[in-house]
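Heads up: the structure comes next, in structure tokens.
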Amino acid sequence: MFDLSGQVALITGASRGIGEAAARSFAKYGAKVVLAARSSGDIERIAAEIRDNGGAAAAVTCDVSSYEDVTKAVQFCVDTFGGIDILVNNAGVIEPISRIDSSDPEEWSKVIDINVKGVYYGIRAVVPLMLEKGAGTIVNISSGAAVGALEGWSHYCSSKAAALSLTRCADKEFGDMGLRIVGLSPGTVATQMQVDIKASGINPVSQLDPSVHIPAEWVGEAICWLCTDAGDAYRGVDCSLRDEDVRKAVGLV
Ligand code: NAP
């Protein structure tokens, strides 16, 4: 069990998959949760389920590729729960999967808008509030793709490399001012994203048997764990959930 009672956590991409699981884990550990995504109905439903189970949760519609939306989501945390202690930059996309020579420049750019600018916008919007308090944790959801190359994933690999760079840069700027900025590379996770990857058939990840993917709930637990003192060891770097020692420390095995 991790004690996150009273902490206010904003989770982007909380309408399904890893973000939804993280929201449920945060609520279980006593945090007040704000779920953000474009699918309003889904985040409203999940927030209501969390409240029905005795947790504190609210939903805010947010497209992370819009800085205006992100600042509004952060303000919503302040108005609803009195502040923000934790930001999980989880929203991300991989479609359309395509080799560079047949990729659509506009679609390629949209992935960068979400996976890179969305992470920067989140950091930009919460850091002033966290600096005022002298405390706060930002978890950027990364991927093995941040440091690896895969056919058909040039947009995704580039975007995750940039997100890791944002983790490093933000830690350099704010790590000695009470802020903890960490990355989490979850390995392959049983979510819609892996369904889309499988359907693409383009590289070795698409050939994986779905049974090898870890459940999204494990990643939700690991994100909460990174928001405790345990996260200090991963300031400015990606923590890998493929690491057996990390899984043990989180309490997953
Ligand atoms: P998923 O099931 O496809 O969920 C993606 C989430 O991101 C959804 O909630 C979606 O909500 C949200 N999203 C997409 N575009 C958005 C936007 N513009 N603004 C706000 N929210 C947006 O995928 P997942 O596997 O949970 O992925 C979550 C994160 O984990 C991503 O950053 C992904 O790159 C990373 N990751 C996943 C795996 C894996 O194997 N699944 C591995 C490594 C890293 P709406 O569509 O409602 O907006």
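Read-outs throughout are calculated quantities, based only on the coordinates presented, and are distinct from any laboratory measurement. Because the structure is predicted, anything quoted here is derived from the model rather than measured. No Cβ is skipped: glycine too gets one built from the backbone with ideal geometry, and neighbour counts run over all protein chains shown.
More than 30 Å from Ser102 (Cα to Cα) and free of Cβ contacts under 8 Å to residues at least 12 places away in the same chain: which single residue out of Asp171, Asp176 fits that description?
Sole residue among the options that is more than 30 Å from Ser102 (Cα to Cα) and free of Cβ contacts under 8 Å to residues at least 12 places away in the same chain: Asp176.
Can you tell me which residue is nearest to Asp171 (Cα to Cα) among those in segment 229-250 that are of a type in the set (A, V, I, L, M) and outside any helix (DSSP H, G or I)? Working first, answer last.
Initial filter on segment 229-250 (of a type in the set (A, V, I, L, M)): 230, 233, 237, 241, 246, 249-250.
Now restrict to residues that are outside any helix (DSSP H, G or I): 237, 241.
On the way: Val237: 9, Leu241: 20 Å.
In this case the residue turns out to be Val237.
If you scan segment 111-124, which residues turn out to be surrounded by fewer than 21 Cβ atoms within 10 Å (Cβ to Cβ) and under 23 Å from Phe26 (Cα atoms)?
Once the filter is applied, which keeps residues that are surrounded by fewer than 21 Cβ atoms within 10 Å (Cβ to Cβ) and under 23 Å from Phe26 (Cα atoms), segment 111-124 yields Tyr120, Arg124.
Residues checked against (1) buried (at least 23 other Cβ atoms within 10 Å of the Cβ); (2) more than 10 Å from the ligand (Cβ to nearest atom):
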position	(1), (2)
Pro105	no, yes
Ser109	no, yes
Trp153	yes, yes
Val189	no, no
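Residue-by-condition table, conditions (1) within 13 Å of the ligand (Cβ to nearest atom); (2) of a type in the set (A, V, I, L, M, F, W, C); (3) crowded, with 17+ Cβ neighbours inside 10 Å:
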site: Asp176; (1), (2), (3): no, no, no
site: Val182; (1), (2), (3): no, yes, yes
site: Gly201; (1), (2), (3): no, no, no
site: Asp209; (1), (2), (3): no, no, no
site: Ile223; (1), (2), (3): yes, yes, yes
site: Cys227; (1), (2), (3): no, yes, yes
site: Asp232; (1), (2), (3): no, no, no
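Assuming Ile84 fulfils every condition listed in (1) under 21 Å from Arg16 (Cα atoms); (2) in contact with a strand residue (DSSP E or B) (Cβ under 8 Å, 6 or more places away or on another chain) apart from one, which condition is it?
(1)
Would you check which residues across segment 84-103 are surrounded by 15 or more Cβ atoms within 10 Å (Cβ to Cβ) and either basic (Lys, Arg) or more than 16 Å from Gly152 (Cα to Cα) (or both) and list them? Give the steps one after another, and end with the answer.
Here is the first cut: in segment 84-103, the residues surrounded by 15 or more Cβ atoms within 10 Å (Cβ to Cβ) are 84-98, 103.
Result: Ile84, Asp85, Ile86, Leu87, Val88, Asn89, Asn90, Ala91, Gly92.
Return yes or no: is Ser40 among the polar types (S, T, N, Q), free of Cβ contacts under 8 Å to residues at least 60 places away in the same chain, surrounded by fewer than 16 Cβ atoms within 10 Å (Cβ to Cβ) and in contact with a strand residue (DSSP E or B) (Cβ under 6 Å, 6 or more places away or on another chain)? Don't jump to the end; show me each part of the working.
Values: among the polar types (S, T, N, Q): yes; free of Cβ contacts under 8 Å to residues at least 60 places away in the same chain: yes; surrounded by fewer than 16 Cβ atoms within 10 Å (Cβ to Cβ): yes; in contact with a strand residue (DSSP E or B) (Cβ under 6 Å, 6 or more places away or on another chain): yes.
For Ser40, the condition - among the polar types (S, T, N, Q), free of Cβ contacts under 8 Å to residues at least 60 places away in the same chain, surrounded by fewer than 16 Cβ atoms within 10 Å (Cβ to Cβ) and in contact with a strand residue (DSSP E or B) (Cβ under 6 Å, 6 or more places away or on another chain) - is met.
Hey, among Ser25, Ser65, which residue is surrounded by 18 or more Cβ atoms within 10 Å (Cβ to Cβ), over 18 Å from Val139 (Cβ atoms), of a type in the set (Gly, Ala, Ser) and within 15 Å of the ligand (Cβ to nearest atom)?
Ser65
Based on this model, can you work out whether Val253 counts as assigned to a helix (DSSP H, G or I) and among the aliphatic types (A, V, I, L, M)? Walk me through it before giving the result.
Details: assigned to a helix (DSSP H, G or I): no; among the aliphatic types (A, V, I, L, M): yes.
So Val253 does not fit the description; no.
Would a scan of segment 33-48 turn up a residue that is near the ligand (Cβ under 10 Å from one of its atoms), of a type in the set (Asp, Glu) and on the phi < 0 side of the Ramachandran plot?
Yes: segment 33-48 contains one or more residues that are near the ligand (Cβ under 10 Å from one of its atoms), of a type in the set (Asp, Glu) and on the phi < 0 side of the Ramachandran plot.
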